[in-house]
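Reading through the structure tokens given below for one structure.
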Amino acid sequence: MTPAQLSRTVRHAWCRAVADGALPARAGLPDRVTLRRPPHGDADYASNLALRLAPGTGRSPADVAAVLRERLAAEPGIARVEVAGPGFLNITVRDAHTAVLAELLARPRPARLPEDPARDARRWGELTGAPVNHERRAANPLFRVQYAHSRARALRAGAHALGFGAEPGPAPGAPEAALGALLAEADRVTATGDGEALARYLLRVADAFLDVLYGPRAVLPPGDEKPEAAHRARLALAEAAGTVLAGGLTQLGISAPDHL
């Protein structure tokens with residue numbers, strides 16, 4: 001279940017609760033339910049829908065959340081739902097990592113912007129408030145983002161030459177888990193329209209991707225080693241990161257070169 005699918009599922013849970021009389025009709029139900037990473041615990045997502053809509057229902061947010069929890073827990077794509085604090089819903093979905101990566105890998109590549117290093121540096125500086133930096137070195141955040149994108153594209157080409165492709169699945173390791181968690185945030189960040197927040201998010205994705213790329217576990221099999229499921233899974237992470245970086249840079253009006 002992807003974040004977009006879960007958002008619709010939480011909203012439908014409210015509608016079903018109203019339809020069967022468990023909750024009163026409530027104006028102001030959003031078209032899209034916002035999901036965030038929970039600050040504590042190991043759940044995949046958290047929703048404050050019960051807190052937002054409980055006023056006017058005559059029920060406490062915790063009671064409203066309990067009604068929603070009962071309906072959400074029965075959904076086949078959801079593994080666990082807990083009510084936390086005053087009425088937050090902490091939701092763990094089944095195979096969240098794989099679903100997010102599969103959805104990202106299926107996205108078409110955005111139309112490419114022509115390369116213009118001067119424009120790119122100026123635009124990045126406008127968004128982040130940092131001095132305009134044209135240096136192509138790791139100390140330059142924009143270079144790291146564009147470099148990470150180019151390396152993700154190179155990995156895809158390298159895997160193709162070796163005769164295998166990306167396949168979302170378990171990729172054990174802390175760097176892989178950190179990158180997967182960041183990629184799950186992509187739609188939420190891009191939907192805000194906040195250019196500075198998006199630029200800083202892309203930098204986090206780039207750095208997390210480079211931690212995977214230069215970590216102890218190779219993305220591509222070395223030498224004569226045959227590609228295994230773990231290689232395919234790490235390649236899926238890399239390609240998904242490349243998709244997010246390309247889309248985010250394009251949204252910011254910055255080019256995403258294949259080669260640097």
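A few points about this structure:
- Two-site label geometry, ARG16 and ASP224: point separation in nm, points 7 Å out along Cα→Cβ: 5.6
- Highest-fluctuation residue, LEU213, LEU105, LEU23 considered, GNM on the chain with Cα pairs under 10 Å: LEU23
- Relative to the longest principal axis of the Cα atoms of the chain, the long axis of helix 61-72 lies at roughly 70 degrees.
- Each part reduced to its alpha carbon centroid, segment 57-73 and segment 234-260 end up 40 Å apart.
- Loop-located trypsin sites (Lys or Arg not before Pro) in segment 1-61 whose Cβ has at most 12 other Cβ within 10 Å (DSSP): ARG32
- Exposed loop sites, defined as GluC sites (Glu not before Pro) outside DSSP H, G, I, E and B with at most 15 other Cβ atoms within 10 Å, are absent from the longest region of the chain, namely 1-114.
- Residue-averaged [θ]222 nm for the chain, counting only DSSP H segments that reach four residues, each worth -39500 (n - 2.57): -17000 deg cm²/dmol
- GNM remark for the chain: springs join alpha carbons under 10 Å apart, and the peak mean-square fluctuation among THR250, THR98, THR57 falls on THR57.
- Highest-MSF residue in the chain out of HIS231, HIS149, HIS12 [GNM, Cα springs under 10 Å]: HIS12
- Acute angle (nearest 10 degrees) that the helix 141-162 long axis makes with the longest principal axis of the chain, alpha-carbon atoms: 80
- Loop-resident trypsin sites (Lys or Arg not before Pro) (DSSP state other than H, G, I, E or B) in segment 94-200 with no more than 14 further Cβ atoms inside 10 Å of their Cβ: ARG94, ARG112, ARG136, ARG137.
- Length released on extending from ARG36 to ARG80, taking residue separation times 0.36 nm less the Cα-Cα span: 14.2 nm
- Distance between the C-alpha centres of segment 2-43 and segment 193-219: 30 Å, rounded to the whole angstrom.
- Max-minus-min Cα coordinates of segment 3-94 on each principal axis give 31, 24, 21 Å, with the largest extent listed first.
- The label point for ARG94 and the one for GLU135, both projected 7 Å from the Cα toward the Cβ, are 5.1 nm apart.
- Helix 195-213 axis, angle to the chain major axis (alpha carbon atoms, nearest 10°): 60
- Where the Cα pairs of the chain fall when distances are cut into 5 Å bins, in %: 1, 6, 12, 15, 15, 13, 12, 10, 7, 5, 3, 1, 0, 0
- Set of segment 166-205 residues, backbone N closer than 13 Å to the point 7 Å along the Cα-Cβ line of GLU126: 195-196
Any read-out appearing in this document is the output of simple, stated calculations on the displayed coordinates, not a laboratory observation. Since the model is a prediction, treat every value here as computed from it, not as a measurement. Reconstructed Cβ throughout: ideal geometry from the backbone, glycine too, with neighbour counts over all protein chains shown.
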